[in-house]
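**Q** Here it is: the structure, laid out below.
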Amino acid sequence: MNEFPILLVGPDGGGKTSALRTLCQRESTRRRMVVVNGDKRIAVGVEQAALKIPDVGELALRLYPAGRSALLGHFLRQMPHAGVLLLLDGGDESAIEQLRHYLKQLTSMTEPPTLAIGLTQAARLSRKRFDGLAHQAADFGLRCPLFRIDETRYEDVALLLESLLLTIHVTMDEETLDGFSSFTEPLSSVSSDLYS
Amino acid sequence: MREPLSIAVGQAGAAKKMLRRMLRSESLRALFKSHDELEECALHADCLVFDITDPLANRRWRMFRAGRRMAGVIIVADGAVSLPPRLQARAVVLQKPLSPDSVAWGLRKLARLMNEAGMADGLRPVEASFSLPRLNLLRAADWLHGKRNGLTARYASMAEIGPDDEEHLRHLAFDPDEYLVGLLRNVLARDERAIFIRVPEGGIQLNPYVGIAMLYGDLLDVKALCGKRLKEFGSSLEVGGEELRSRIVPGQSPRHLSIEALLWLATLIAARGRFPDSLDIAAPRRLARWPDLPRLLDAPHVARICALWASDELNAFEVASGLGIHQRHVFGFASAAHMLGLFATGSDGVARAAPDGGWLARRILSGTKVFSRVLRGVR
C-alpha cells in the first residue's frame with residue numbers, strides 16, 4: 001500500500017470522530033474494506049482523512065467503526081497499520097471493560113500494533129478511574145502512552161499522535177517501516193483488491 | 001545484471017546530481033544518459049528516473065507507463081502518482097523537495113523491490129545515515145509538537161560526563177529536601193488530610209486524597225519558589241493544617257493543578273538538569289508507564305525520552321546518546337519521573353507498581369479504614 005496509516009479505534013462516544021476532525025479539518029472519505037473471517041467476507045466502512053505534514057507528506061488516518069470491534073484483530077492482521085490510537089470516554093462507567101475488550105483484540109495478534117491510548121472527557125475522569133485504567137494497560141504488558149485528553153483540543157490530540165509516532169520510531173524495525181512506504185510516497189490512486 | 005549499472009535520468013537535474021554522488025560513494029559505476037539519449041538507453045537500463053514535474057519528462061513517463069518495458073523506476077513528483085499494477089512492485093515515488101536522505105532511501109527501497117522480484121543482483125542497497133521513514137517520523141512528530149509553552153533549558157555549553165566519572169556525577173546530584181519538591185514529597189508521604197504551605201508570595205493547599213493542589217498567588221512566583229532553596233525562606237515558610245488556611249487564603253481565586261503536575265514542575269525546576277542523590281543515574285531502568293503529558297508542563301524532548309525509555313531498559317547516558325540530546329535533559333526528566341514513581345520497581349517486565357506511586361495505596365488504605373469504621377458502626 002502506498003500509505004502510512006494510523007487507525008483510530010474505540011467505542012461509540014469515545015471521541016474518534018472529534019479527534020479526526022480536530023487534526024484534519026479537511027473532508028474525509030469513506031471506504032468499504034473487506035475483512036475475511038473464515039468463509040465470510042465482511043464489509044467494514046472505514047472513514048479516512050489525510051493529515052498533510054509540510055516537507056514530509058501525508059499521514060493517512062483511518063477511523064474504524066465501533067460496531068465492528070469484534071473484527072478488529074482480523075482487520076489489522078489483513079490490513080497492517082503503522083499504529084493504533086485507542087480513544088475511550090474516560091468518564092464512562094464501563095471504560096475499564098471497554099479498554100479490556102479492545103486490548104484483548106489488539107494483544108491477541110502475533111505482532112500487536114504500536115498503541116497509544118487517549119482517555120477523553122478528562123473533566124469527568126476521576127483519578128481513581130485513571131489509575132484503574134493504567135493498571136489495566138499494565139496487566140496487558142503495555143507501556144504505551146496513556147493520556148487524559150480533550151478530543152476537541154488540537155494540542156492534546158496532536159501530543160497523543162506525536163507520542164504514537166515516536167513510539168513507532170523507537171520500536172518498529174527498518175523493514176516494517178519501509179513496508180509502509182512512509183510519507184515520501186503520496187496516497188496514490190491505485191486501488192487494490194482489499195477495497196471493494 | 002549488466003555492469004556498470006545503467007540509470008537513465010530523464011530531465012531530473014537535482015535527482016541526477018544526488019544519484020551520481022551517492023552511487024560514487026558506494027563505488028557503483030553508473031551510466032547516466034541525458035534526456036536526448038533516454039529513448040535509446042531506456043530499452044536496456046536497469047533503472048529509470050523520471051522527474052514528472054517537467055512536462056517533457058512527464059510525457060516520457062506516460063509513454064513508459066503505457067509500454068511493456070519492465071525496469072525499476074524512480075518517480076520524482078509533487079503529488080499523488082497513479083501506478084499501474086505491473087509497476088507497483090518496482091516503482092518508488094519520491095516527493096519534492098529531494099534530499100540526499102530521500103534519494104538514498106529511494107535507491108534502497110528500489111533495490112529491495114527489485115531483489116524481491118528477482119530482477120537485480122547488482123543494485124546494492126545504498127545506506128543512508130538515517131532511514132527516511134524514521135527521519136520522517138521524527139519530522140512529523142516535531143511538526144505535531146508545534147510550539148507548546150513549556151520550560152526551556154539551554155545546556156549546550158555544559159560539558160557532558162560519562163557514567164564512570166564519579167566525581168562529576170557527585171557534583172550533578174542534588175538533595176530534593178533542600179527544595180520545595182522535597183517538602184511536598186515529605187508532607188504528602190505522612191498526611192492525607194488537607195495540608196497548607198504558607199510562602200511569602202501566597203500559599204499552596206494540597207488535597208492528597210483527590211490529588212489536587214491549589215495555588216494562591218501567581219504561577220510565575222511558584223516557579224521561582226520551586227527553584228529556591230528552603231533555607232532562603234527562613235521563618236516565612238510554614239506548613240500546617242486547617243489552622244493555616246485563614247492566613248494564606250487571600251481573596252483571589254486559586255489556580256488548580258494536579259499534585260502530579262505540581263511535583264513534576266517543582267522537580268524539573270529544582271533539578272535544572274541534575275538528578276536526586278537518591279537516584280543511581282547510571283543504573284539501567286525502564287519507565288513503567290508514560291507520564292500524563294497533556295496535563296504536565298512541557299519540557300524539552302520529553303516525549304522522545306519517554307518513547308525510548310518505555311521501550312527498553314537503559315541508563316540515562318544511553319538514552320541521551322540514543323536520542324542525540326544533551327544528557328542534562330535526560331537527568332532532569334529522570335528526576336521528575338523518579339519523583340512521580342514512573343520507573344519500574346521490579347524486574348518482572350512490566351512493573352506492577354501503582355501507576356500513581358503511593359497515592360493509590362494510601363487511598364486503598366484509607367478506604368479500608370472507612371470500611372472498618374462502617375463495620376464497627378454496624379456491630
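**Q** If I filter the stretch B:245-297 down to residues being within 14 Å of chain A (Cβ to nearest Cβ) and basic (K, R), which single residue comes out as surrounded by the most Cβ atoms within 10 Å (Cβ to Cβ)?
**A** B:R289
**Q** So if I check each of A:V157, A:V84, which one is in a helix (DSSP H, G or I) and either touching a Cys at 6+ places or on another chain (Cβ under 7 Å) or β-branched (V, I, T) (or both)?
**A** Being in a helix (DSSP H, G or I) and either touching a Cys at 6+ places or on another chain (Cβ under 7 Å) or β-branched (V, I, T) (or both) holds for just one of A:V157, A:V84, which is A:V157.
**Q** In addition: With (1) touching a residue at least 12 places away in the same chain (Cβ under 8 Å); (2) on the phi < 0 side of the Ramachandran plot; (3) within 14 Å of chain B (Cβ to nearest Cβ) as the list, and A:R26 as the residue in question, which single condition is left unmet?
**A** (3)
Residue by residue, here is whether (1) within 18 Å of A:F130 (Cα to Cα); (2) at pLDDT 90 or above; (3) touching an Asp or Glu at 6+ places or on another chain (Cβ under 9 Å); (4) not β-branched (V, I, T) holds:
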| position | (1), (2), (3), (4) |
| --- | --- |
| B:H301 | no, yes, no, yes |
| B:R328 | no, yes, yes, yes |
| B:G332 | no, yes, no, yes |
| B:L342 | yes, yes, no, yes |
| B:R363 | yes, no, yes, yes |
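**Q** Say whether the condition of being farther than 12 Å from A:V9 by Cα and touching a strand residue (DSSP E or B) at 6+ places or on another chain (Cβ under 6 Å) is met by at least one residue in the stretch A:62-70. Before you say what the answer is, go through the steps one by one.
**A** Within the stretch A:62-70, the first condition is being farther than 12 Å from A:V9 by Cα, and the residues that meet it are none.
No, because not a single residue in the stretch A:62-70 is farther than 12 Å from A:V9 by Cα and touching a strand residue (DSSP E or B) at 6+ places or on another chain (Cβ under 6 Å).
**Q** Does B:L188 count as within 30 Å of A:L165 (Cα to Cα), in contact (Cβ under 8 Å) with a residue 60 or more places away in the chain, hydrophobic (A, V, I, L, M, F, W, C) and assigned to a helix (DSSP H, G or I)?
**A** no
**Q** Right, next: Is there a residue being away from chain B (no Cβ under 13 Å), surrounded by fewer than 20 Cβ atoms within 10 Å (Cβ to Cβ), touching a residue at least 12 places away in the same chain (Cβ under 8 Å) and of a type in the set (V, I, T) anywhere in the stretch A:77-95?
**A** No.
**Q** Among the residues of the stretch A:163-181, count how many are surrounded by 21 or more Cβ atoms within 10 Å (Cβ to Cβ), touching a strand residue (DSSP E or B) at 6+ places or on another chain (Cβ under 9 Å) and without any contact (Cβ under 8 Å) to a residue 60 or more places away in the chain.
**A** Adding up the residues that qualify gives 1.
**Q** Okay, moving on. Can you run down the residue pairs with Cβ atoms below 6 Å, 6 or more apart or on separate chains, where the first is in the stretch B:276-292 and closer than 12 Å to B:L169 by Cα and the partner is in a loop (DSSP other than H, G, I, E, B)?
**A** B:D277/B:D175; B:A282/B:P163; B:A282/B:N315
**Q** Among the residues that make up the stretch B:207-215, is at least one of them farther than 27 Å from A:L125 by Cβ and in the same structural domain as B:H256 (by TED's automatic domain parsing)?
**A** No; the residues of the stretch B:207-215 include none that is farther than 27 Å from A:L125 by Cβ and in the same structural domain as B:H256 (by TED's automatic domain parsing).
**Q** Restricting attention to the stretch A:103-150, which residues are surrounded by fewer than 18 Cβ atoms within 10 Å (Cβ to Cβ), at the interface with another protein chain (Cβ under 8 Å from one of its Cβ atoms) and not in a helix (DSSP H, G or I)?
**A** A:G141 - this is the single residue of the stretch A:103-150 that is surrounded by fewer than 18 Cβ atoms within 10 Å (Cβ to Cβ), at the interface with another protein chain (Cβ under 8 Å from one of its Cβ atoms) and not in a helix (DSSP H, G or I).
**Q** Same structure again: Report whether or not A:V36 is buried (at least 18 other Cβ atoms within 10 Å of the Cβ) and either within 14 Å of chain B (Cβ to nearest Cβ) or of a type outside the set (S, T, Y) (or both). Talk me through it step by step, then tell me what you get.
**A** Working: buried (at least 18 other Cβ atoms within 10 Å of the Cβ): no; either within 14 Å of chain B (Cβ to nearest Cβ) or of a type outside the set (S, T, Y) (or both): yes.
Criteria not met by A:V36.
**Q** With over 30 Å from B:H326 (Cβ atoms) and part of a helix (DSSP H, G or I) as the only criterion, which of B:R193, B:R245, B:R170 stands out?
**A** Values: B:R193 fails: part of a helix (DSSP H, G or I); B:R170 fails: over 30 Å from B:H326 (Cβ atoms).
The match here is B:R245.
**Q** Just to be sure before I move on: is A:L8 in contact (Cβ under 8 Å) with a residue 60 or more places away in the chain, away from chain B (no Cβ under 14 Å) and surrounded by 18 or more Cβ atoms within 10 Å (Cβ to Cβ) in the structure I sent?
**A** Considered against the rule, which asks whether it is in contact (Cβ under 8 Å) with a residue 60 or more places away in the chain, away from chain B (no Cβ under 14 Å) and surrounded by 18 or more Cβ atoms within 10 Å (Cβ to Cβ), A:L8 comes out as yes.
**Q** Test A:L71 against the stated conditions and say whether it is within 29 Å of B:N136 (Cα to Cα) and either surrounded by 20 or more Cβ atoms within 10 Å (Cβ to Cβ) or touching a residue at least 24 places away in the same chain (Cβ under 8 Å) (or both).
**A** no
**Q** Now for a different question. Of all residues in the stretch B:302-318, count the ones that are within 10 Å of chain A (Cβ to nearest Cβ) and part of a loop (DSSP other than H, G, I, E, B).
**A** The total comes to 1.
**Q** Would you be able to say whether some residue in the stretch A:55-68 is within 14 Å of chain B (Cβ to nearest Cβ) and without any contact (Cβ under 8 Å) to a residue 40 or more places away in the chain?
**A** Yes, that holds for at least one residue.
**Q** Quickly run through the stretch A:151-162 and pick out the residues that are surrounded by fewer than 20 Cβ atoms within 10 Å (Cβ to Cβ) and at the interface with chain B (Cβ under 7 Å from one of its Cβ atoms).
**A** Once the filter is applied, which keeps residues that are surrounded by fewer than 20 Cβ atoms within 10 Å (Cβ to Cβ) and at the interface with chain B (Cβ under 7 Å from one of its Cβ atoms), the stretch A:151-162 yields only A:E155.
**Q** If only one of A:E185, A:E175, A:E162 is over 17 Å from B:G322 (Cβ atoms) and at pLDDT 75 or above, which one is it?
**A** Going through A:E185, A:E175, A:E162 in turn, the sole match is A:E162.
**Q** Taking the condition part of a helix (DSSP H, G or I) and of a type outside the set (S, T, N, Q), does B:L206 pass?
**A** The answer is no for B:L206.
**Q** Related question: Only one of B:S321, B:S347 is in a loop (DSSP other than H, G, I, E, B) and at pLDDT below 95. Can you tell me which?
**A** Among B:S321, B:S347, only B:S347 is in a loop (DSSP other than H, G, I, E, B) and at pLDDT below 95.
**Q** Could you tell me which numbered condition B:C306 fails, if it satisfies all but one of (1) over 13 Å from the mean Cα position of the chain (by Cα); (2) not acidic (D, E); (3) not assigned by TED's automatic domain parsing to the domain that holds B:S236?
**A** (1)
**Q** Ok, one more. Scan the stretch A:52-72 and give yes if some residue there is at pLDDT below 95, farther than 26 Å from B:V92 by Cβ, outside any loop (DSSP other than H, G, I, E, B) and among the basic types (K, R), otherwise no.
**A** Checking the stretch A:52-72: at least one residue is at pLDDT below 95, farther than 26 Å from B:V92 by Cβ, outside any loop (DSSP other than H, G, I, E, B) and among the basic types (K, R).
The values are calculated or read from the model by the stated rules, or taken from the named source; none is laboratory data. Keep in mind that this is a model prediction, so the values were computed, not measured. Methodologically, a virtual Cβ is constructed for each residue, glycine included, from the backbone with ideal geometry; neighbour enumeration extends over all protein chains shown.
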